[in-house]
Structure formats: structure tokens, C-alpha cells
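Beneath this line is the structure, given in C-alpha cells, with notes to follow.
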Amino acid sequence: MLDFHKNHKLLVGTALFGFLMLSTFVALVPAFQIQQTQPLPSMETFSEEELKGLHIYVQENCMSCHTQQVRNIEMDNTWGKRPSIPSDYYYSKQRQDLWRQSPSLLGSERTGPDLTNVGQRQSGMDWHLLHLYNPRIVVKESIMPSYPWLFDIKEESKIRDTDHLVPVPQEFLNSSTKKVVASQKALDLVAYLQSLKQAEMPKNSSVSFIPSSKENESVDDSGEELLPDGENLYMNNCAACHQADGSGLSGAFPPLAGSTIVNDENPETLIRIIMEGYDARPEYGVMAGFQETLSDEEITAIVNHERSSWGNAADAVTIDEVKEIRSFVNSLK
Amino acid sequence: MNIRKFYFSLLAIFAFFPKVVFAQPTPNPDTSNWLASPGIIGTILLIVIVLVIAIFILTVKASAYFTQLQSRTERNKKIEFGERLLEMDKTEIDTVLEKRRKAVSYRLSGDELGSNLEVDDSRGVVAAITHEPSNPLVDEKKKSPITIDTPFQLKKMITWYIGAAVFWLVFGTLIGQYLGLKFIWPEMDTISWLSFGRLRPVHTNAVFWGWASLAMIGLGYFVITRTSNTKLYSYKLAWYAWWLMNSSVAIGTLFLMSGINNGGGEYREYIWPVALLFAIGMVLTFYNFYQTVAHRKIDEIYVSNWYLLGGLGWTIILVIIGYLPMYQDGLGETVIQGYYMHQGVGMWFMTFTLGLIYYYLPSSLNKPIYSYSLGVLAFWTQMLFYTLIGTHHFVFSPLPWWLQTVAIVFSAGMLIPVVAGTTNFLMTMRGSWNEISKSYVLPFFLVGVVFYFVGSAQGSLQAFRFTNFIWHFTDFNVAHSHMTMYGIITFILWACVYAILPKITGREPKQIMVGMHFWMAFIGLFAYMVSLMVGGTMKGLSWIEGKPFIESVILMQPFWLWRAIGGTLMFISHLLFAYNFFYMTGNQRKPMLNPKINGPDMENRETIYPDPKNKTVTF
């Protein structure tokens, strides 16, 4: 009966049939099942621009360095306010066209940051354009490639009103008379990146992180509530634009070192800018608000870091002041 | 800590309520004792094994001389001699002593050397003449005295398959080396066709589908005909497949560089029309192999052919499942991606290469495989366990938790086929350890087999949830994939190429070049692997501690430099290998003169006949 070593038909047939059965169990059935997942009610379809941007994202194979999955472990809390769920991928992971399949957005390497929530974290268009033109303009240590082919270099005289100028510092340009203009492709890609925000979960859903056991212990030891590390938070949330040394980037992002707003005795303006965003000065890019992403403790820690670093020497703020301003900001809505 | 208890309770809950838990959060583990976690200790132990083996190879070479002095036969001879003396009678002893007296008083005349006497090798026993009879560094390697008479068509085809593979190896690793340098100098170029995202799949696909696949199939053709004791079913089909596969990799490379990408899923970046070329090549090859086995002239199917046929058949199914679109929207694609990328490695490269070892290892040692049954056990468990573990690439992801658990459990189960295979190979080698220092093929086999155990076992440990905390998404993955695709597959393929090419072409590579190839590849791989493992671990720990992301980029810089250094050594070794390949295949000796044996009349192939040139025995 079981003469596999003499009967090649039986041998090959059994091996292929067995493999097919196992594959059905472990790949086909779960794939069919999970494909039925519906999107969250709060999710929106892509605009045409964003969809084109997604295709450029795939064309440049950004997935080889950037993941788009917030795992359900606490260390991934940096990348999103909740773990990713299958619904999150309903619109982004559709077949692209006849030739190309659904993009592998989840990724397997985090050589660069996770992008699940990058639209929330990094909302400024100018930042994205500068970063795509040459990442080292905004993050000195970055090893991401530059994408100059998504931009046009034009003589100053030939620039039209409709062109989107990118405020590239002179040291990153060869010619002093030429300017960098974002092509439609770059604008599409940025539109896609800006659209990357975690959708709100419906109420009474149970998807959340359990706080790490380690932090709980540290609270127990000291007996009092500790503020999170302000420098870390600053590096994660602010340094991409304002730079690690608070020097900003001329023509794009204002410096915080020596800033009158940061050093103001009354921290209200500073805290409100962090919460609500800022677009009052035309020479700088737009800043988006962080009231959704940062807690009161985190904002307090960041403000205190900014007010005590790089030569700044203003008084520390308390968490109660921040809470007060937040309730005031909420009352304006 | 309580972590383990916690896992157990989690596992228990998940086992019973799979639906409730699809995105259960898990707290960070306590990392203060990370060094003591079983996954990490296991990995370190495994790496140490490789180091020990390397040292072992070196010491074996050095001690070969001393062990010979102390060998048992030597002692036995002395005892025998003593006994013979005791048994001798007086006249015999006198004769011996008289003989000795004459010998001792003999004096040289002074003109023995430098005389005009002619040196004559009347029996043709001198294979080579050297002016340094005692090389102080390494043992003189054995020449391979037998040549295997192979039909010209088969020989030509194998040469071309391996030749194309060598090209893709050099091309693919050149790209890999360039990518490695980009981690240190990201501004090396700003050309879209050479940007990191586009080139990365060029590297992986070229070495997968170009180098490893073509080399495997080429070497497989020899195994399948030889062990079926028949000629190949169709040379024509084999050539069609050669063209299809090569053009698939060439076109795919151009498409990827121009930005035409199937969607970034690893190892299926070629769009389907390009992959289809390769798939047709695979189907032709499978049909050809199958028919050759079906027309075999012996009763049994040798265990190698189980693996070759299994590998080909499974991979065809795999590629079809990987490219069909009906279930690949949303996370359906991700389920398939985990399945596809892992089975690409496991069912194709690993399975097929194991089949090659089952033939080339015993034939290089000139003895049978240790156990046929172990090979069969490993075959079925390979199919059962390997197929189920793809999702371990997505631990803690939004994929169903039960699927992740199945993957982790069966990843541990992979130890069964791995231990069965390793035992089989090592037991086959047992008793022939001294051959290692005398052969340029066996060190490649030994490294490949040891890495088979180490790389696979380490992969099982890496699938655990704790190790995923630290290593997932870091450069450790890159180290693991090079440890396996390079340490196992590539080293074994090299061993097979060096084992078979000289025998079918009659031209041996220069030993010093093979030695340099071996050591540069080995040391390079080790530098590559260890640097990324250490760096990847530090990166993961920095993430767990919640440090800013950019710090993990900065801390990786020295490790990326070491990776590039290791990569350079590996790349140079590939150039040496390419040189050796051309040396082995160029300017071949003419096929032997007996017309009966030449050609497809395979039944007479085993006939022994004298080689007119040097009177070695030719099979």
C-alpha cells in the first residue's frame, strides 16, 4: 500500500495533495475569511490624489523600510493610539490594477519609522516635501534616500503661480538662481502620507494597549506620579521640524531656542500652539495641533523640556495649568 | 518573572476563545533579564556552535600530522614486531643482523643526485610534481581521480544552468553590496533606478530566482538522471525552462528598477506576467523531472528525488496561490504574504537543496547515506510543519491570533525535520572527519549542514513571542535570512558545484582559489551576521525602552559598517567562485574515446575502461 519509494505517482500525488490541503487550511481559508472584514464607519475612501500617492508609495517600494502596523504590544504605542485592526486596511489594500496586486503595506522591516499614523504626527506639507527632496534637510542622521525625481528644478524666472515651491535651504542646492518645485507626483505622495491617520474606533470597542509592567513599578517605587521623559517625547514628536537642538530650519520651521513664545513667563500661548497648531507667520510652514495625540502629562513634559533647554530658562509649568488650558480650548469648540 | 505564566494564561485563553482575542494587547516584557530569555540564550548557543565548528576545521587540519603519529595501527605494528622477534629462531636472527651490518656500513658514492640518470614514471602513478613537498600551511588536497562520463548534452546543460546561476550570484550580490553601502552613505546616488526601495527586491529576487534556483535545478538534473539510472526525459524542455527562467529574472529586474512592482510583498515583487514566465519554466522542469523518474531503470525512487519532485511541485502550487487575486484584498493579502514568503524559502530552496545533499554528500564521501528512513521522516515532517508556520512573520499583527499561535507552535515543531536531517548528514560524515582536511568540497558541506541546524533552530527560537518583542522589524531579520539563504543554501550549492563540475568536465579548480573562496565567504558571512544580530538586538531594546526612533538609527551605524565589510568579503569570494567556475568549465578535455559509452546509452555507463592518458580508472 504505502510503497512511496517504488510508486512515483503515489509519492508525488500524496505530497502535492497534502501540501494543497495544508495550504487551504493555513492560507486560503483564513485569507478568504479576513477579506470579509468591513471598514470602520469613521473611515473615508481615498481621494483620487491620495490613491495616486499610494501607487507612488508602492512604485518606490517604501514598504521595504516602513511598516504600517501598530502591533498590540505597548512598545508600539509610539506609532499609534491603538493597535491596528483588519478594518484599517480596507481601502488601502485593494488590488491596484490588472497588473499589480494589493500592496503589502504591513511590511516586515522598520528601518524607518512606522507610518500608520504619520498624517497625524507629521501633518505639515512643507515638512513632507522637504523630507522627500532630501531627508537630511530635516533629520540630519536620516539614512532614507532622497527622491529628487519627484521634483523639478526651475529657474526663478520660469516659476508660475500654480507651482508649489519647496523651501530647500541653499546648502542643499547646486545653483543659487534655481528653485525646487514639487511635481504632481510629489504632491500626490504627500497627500497620501497626510491621509495616514488611525480612524476612530466605535465606542465600547475593546482594542487598547495594556500599560507596560515596568512603568507601573516605577510609579510604585517612588510613591508619586512621575512625568514622562520630556526629551524623548520632544525627539519623537517635535524634533523632526524644530530639530533636536531647537534651532528650527530657516524658511520652514521656527527656532525654539531663544523664542519669546517659549520663554514667555505665561506659558499659555506655547501650550495652545502645541494643542491647536499654528499658522500665523507666512514665512514658516503650517503646524498642526497635537491635542488628540498628546496627553496632558506629555504636553507638560514637552513644555518643560523646551523651556529649560538650549539656553532657554523659563519656569516649569504644572500639569494643572495644562489641564486648565485644555478645558479652555475644548470650551471654544 | 511572571511573563511566562502570563503567556501560558494568555495562550490558554486564546486557545478557547479565538474570536474575542484577535487584537488582544500584550504588555512589554521585562527586559532587565533579556539575556536570560530562552530564545536569546538559544541563539547565542547556536552561533557558538558555528564558531566551534570553524575552529574545529582549523584544528583538524593542524593536528592531522600528530594524530597520524599516534594512530593505533602504529602501536599495533610495534606489538606485532615484538611478537615476531620472540618467535624467530637463531639462524633467522643471524641473517637479519648480518643484513643490517651491511646496511649500516654502506656509504654513498657521492653522485647519486645530479647524475644523468633519467627519471621514469613507468607505471603512471605520479599525478603531480611539486617542489614544496611539505606545504607548511594546509594539507595537499586530494585530486578527484575519477571522472564521471556524462552525456555531452547533459553536461552542456548543467554547465549552462550553473553558469547562468553564477552570473546572477555576482550580479545579485553586487546589488546587495551596493545596498549595504547605502546604509552608510545614503547620498551615494540620486538616480531613481538605483534608489534603495527599488533595488532591494532586485537583490533578493536575483539571488533567489536567478542564483539559487538555477543552480539548484542544474545540479538537480544530474541527480535525477544518475539516481534513476536513465537519461533525461527531454533536453529540449530543459532548455526552454532555462530561457524562460532567465528571461523572467532579467525582465523582472528591469521592471523593478523602473518602478513596476507587484505590490512589495517579499519575493513576489515581479508582476504576474513576469512571474508567469518563471512559473512555466518550473512546470516544464517538474514535468521533465517527473517523467525522468517515471522512466527510471531501477525499482526504487532514491530519497533525493522525493525532495526534488516535492520541492518543484509544492513551489508550483505556492506560486499559483501567491498570485491568484480572489482572496488578496485587505488583510487577505497579508495572510498569503506570510504563507508565500516562508514557503518560498522552505518548500523551494530548503526542500530542493536537501534533496541535493542526499545525493552529493554521500557521493563525495564515497559511501551511502546513513539512514534512508530518517530522510523519509524529514521529508514528510518538512511538508507538515513548514507549511503551517508562515504567519510567524506577523506575530502581534492584526492577523488572527490563532493563526499566529499555530505558526509559533509549528515553528518549534520544525526542530524534528531539522534534527532528523542534521543527524543523517553528520552520521554520514562520521568516520570521515579526516577527509575534511583533504577535500575542498567537504568544508562547504560541513558549514552548510551546521548552518542547516543552527539557522533553522535559531529561526524556531525567533518565532517565540518574547524574541519577537526584541527582534521583530530590526536588522536581526536580515541577519537570519542571510544565515539561512547564504549559510545553508549557498554553501551547500557551492559544495555541490565543486563536487560535480570537476568530475564531469575533468578540470579541477586551483585549490588555493577554492580555499580563498571558502574562507572569505565564511568570515564575511560571520561578520555580516554577528554585526546585524548584535545591532538588531540593541535596536530592539532601544525601542522597548521607548527611546526616540532616530537613536536606533544612530546606534546601528557601526554595525552597518561591519555588515558592509562582511558583505565585501562575501562579494569578493563570489568573484573567486566565478573564476573557479570558468576554470572548471573552460577548455575541457575531449570526451573519452569509447563510442559505446559516449552518448545516451546509459546502461553501459558504469563500464570501467582505461584512460589512455594517465591510466586512472574512469567510471
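Of the numbered conditions (1) surrounded by fewer than 22 Cβ atoms within 10 Å (Cβ to Cβ); (2) charged (D, E, K, R); (3) more than 19 Å from B:Gly310 (Cα to Cα), B:Arg200 satisfies every one except a single condition; which is it?
(1) is the only condition that B:Arg200 fails.
Evaluate the range A:11-18: report whether one residue or more is outside any loop (DSSP other than H, G, I, E, B), hydroxyl-bearing (Ser, Thr, Tyr) and farther than 23 Å from A:Asn117 by Cβ.
Yes, the conditions are met somewhere in the range A:11-18.
What residue, among those in the range A:25-64 that are in a loop (DSSP other than H, G, I, E, B) and facing another protein chain (nearest Cβ under 7 Å), is surrounded by the fewest Cβ atoms within 10 Å (Cβ to Cβ)?
A:Thr37
Cβ-Cβ distance below 9 Å, separation of 6 or more or different chains: which pairs start in the range B:399-410 with a residue that is outside the structural domain of B:Tyr339 (by TED's automatic domain parsing) and within 17 Å of B:Ser456 (Cα to Cα) and end on one that is among the aliphatic types (A, V, I, L, M) and not in a loop (DSSP other than H, G, I, E, B)?
none
Take the range B:542-580 and flag every residue that is more than 10 Å from chain A (Cβ to nearest Cβ) and among the aliphatic types (A, V, I, L, M).
Residues satisfying the conditions are B:Leu555, B:Leu561, B:Ala564, B:Ile565, B:Leu569, B:Met570, B:Ile572, B:Leu575, B:Leu576, B:Ala578.
So which residues in the range B:338-375 are more than 19 Å from B:Gly210 (Cα to Cα) and of a type in the set (Val, Ile, Thr)?
B:Ile357, B:Ile369
Which number in (1) in contact (Cβ under 8 Å) with a residue 24 or more places away in the chain; (2) away from every other protein chain (no Cβ under 14 Å); (3) not basic (Lys, Arg) marks the one condition that B:Ala250 misses?
Exception for B:Ala250: condition (1).
Please tell me if B:Ile336 is within 13 Å of chain A (Cβ to nearest Cβ), under 26 Å from B:Ala407 (Cβ atoms), among the β-branched types (Val, Ile, Thr) and surrounded by fewer than 23 Cβ atoms within 10 Å (Cβ to Cβ).
It is false that B:Ile336 is within 13 Å of chain A (Cβ to nearest Cβ), under 26 Å from B:Ala407 (Cβ atoms), among the β-branched types (Val, Ile, Thr) and surrounded by fewer than 23 Cβ atoms within 10 Å (Cβ to Cβ).
Can you name the residue in the range A:184-201 that is away from every other protein chain (no Cβ under 14 Å) and within 24 Å of A:Asp76 (Cβ to Cβ) and, of all such residues, is modelled with the lowest pLDDT?
Among them, the one singled out is A:Glu200.
Name the single residue, out of those in the range B:540-552 being farther than 14 Å from A:Asp76 by Cα and not small (Gly, Ala, Ser), that is surrounded by the most Cβ atoms within 10 Å (Cβ to Cβ).
B:Ile550
Tell me whether the range A:83-100 contains one or more residues that are within 27 Å of A:Tyr234 (Cβ to Cβ), touching a strand residue (DSSP E or B) at 6+ places or on another chain (Cβ under 7 Å) and part of a loop (DSSP other than H, G, I, E, B).
no
Quick check on my filter: what residues within the range A:107-134 are in contact (Cβ under 8 Å) with a residue 40 or more places away in the chain and within 9 Å of chain B (Cβ to nearest Cβ)?
Passing the criteria: A:Gly107, A:Ser108, A:Glu109, A:Arg110, A:Thr111, A:Gly112, A:Pro113, A:Asp114.
The rows are residues; the columns are (1) aromatic (Phe, Trp, Tyr); (2) under 30 Å from B:Lys156 (Cα atoms).
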position	(1), (2)
B:Tyr452	yes, no
B:Arg465	no, no
B:His480	no, no
B:Gly487	no, yes
B:Trp494	yes, yes
B:Leu501	no, yes
B:Arg507	no, yes
B:Val514	no, yes
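Out of (1) crowded, with 19+ Cβ neighbours inside 10 Å; (2) in contact (Cβ under 8 Å) with a residue 12 or more places away in the chain, the odd one out for B:Ser192 is which?
For B:Ser192, the failing item is (1).
Of all residues being within 13 Å of another protein chain (Cβ to nearest Cβ) and touching a Phe, Trp or Tyr at 6+ places or on another chain (Cβ under 6 Å) in the range B:170-183, which is surrounded by the most Cβ atoms within 10 Å (Cβ to Cβ)? Just the residue, please.
So the residue we want is B:Lys182.
What's the number of the condition A:Ser331 fails, among (1) out of contact with any Gly (no Cβ under 9 Å at 6 or more places or on another chain); (2) more than 22 Å from A:Ile137 (Cα to Cα); (3) polar (S, T, N, Q); (4) part of a loop (DSSP other than H, G, I, E, B)?
Failed condition: (4).
Which residues, counting only those in the range A:87-100, are farther than 12 Å from B:Gly330 by Cβ and at the interface with another protein chain (Cβ under 8 Å from one of its Cβ atoms)?
Going residue by residue through the range A:87-100, those that are farther than 12 Å from B:Gly330 by Cβ are A:96-100.
Correct list: A:Gln96, A:Trp99, A:Arg100.
Please determine, by comparing only the residues of the range B:147-193 that are of a type in the set (D, E, K, R) and part of a helix (DSSP H, G or I), which one is farthest from the chain's Cα centre (by Cα).
Among those residues, the one meeting the criterion is B:Lys182.
Residue-wise test of (1) of a type outside the set (Ser, Thr, Tyr); (2) more than 8 Å from chain A (Cβ to nearest Cβ); (3) out of contact with any helix residue (DSSP H, G or I) (no Cβ under 6 Å at 6 or more places or on another chain).
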{"site": "B:Leu309", "(1), (2), (3)": "yes, no, no"}
{"site": "B:Ile316", "(1), (2), (3)": "yes, yes, no"}
{"site": "B:Gly332", "(1), (2), (3)": "yes, no, no"}
{"site": "B:Leu356", "(1), (2), (3)": "yes, yes, no"}
{"site": "B:Ser363", "(1), (2), (3)": "no, yes, yes"}
{"site": "B:Asn366", "(1), (2), (3)": "yes, yes, yes"}
{"site": "B:Tyr370", "(1), (2), (3)": "no, yes, no"}
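Take A:Ile137 and tell me if it is in contact with a helix residue (DSSP H, G or I) (Cβ under 9 Å, 6 or more places away or on another chain), surrounded by fewer than 24 Cβ atoms within 10 Å (Cβ to Cβ), more than 9 Å from chain B (Cβ to nearest Cβ) and aliphatic (A, V, I, L, M).
Criteria met by A:Ile137.
The values are calculated or read from the model by the stated rules, or taken from the named source; none is laboratory data. Please read these numbers as outputs of a predicted model, since none were measured by experiment. With ideal geometry, Cβ positions are generated from the backbone for all residues, glycine too; neighbour counts draw on all protein chains shown.
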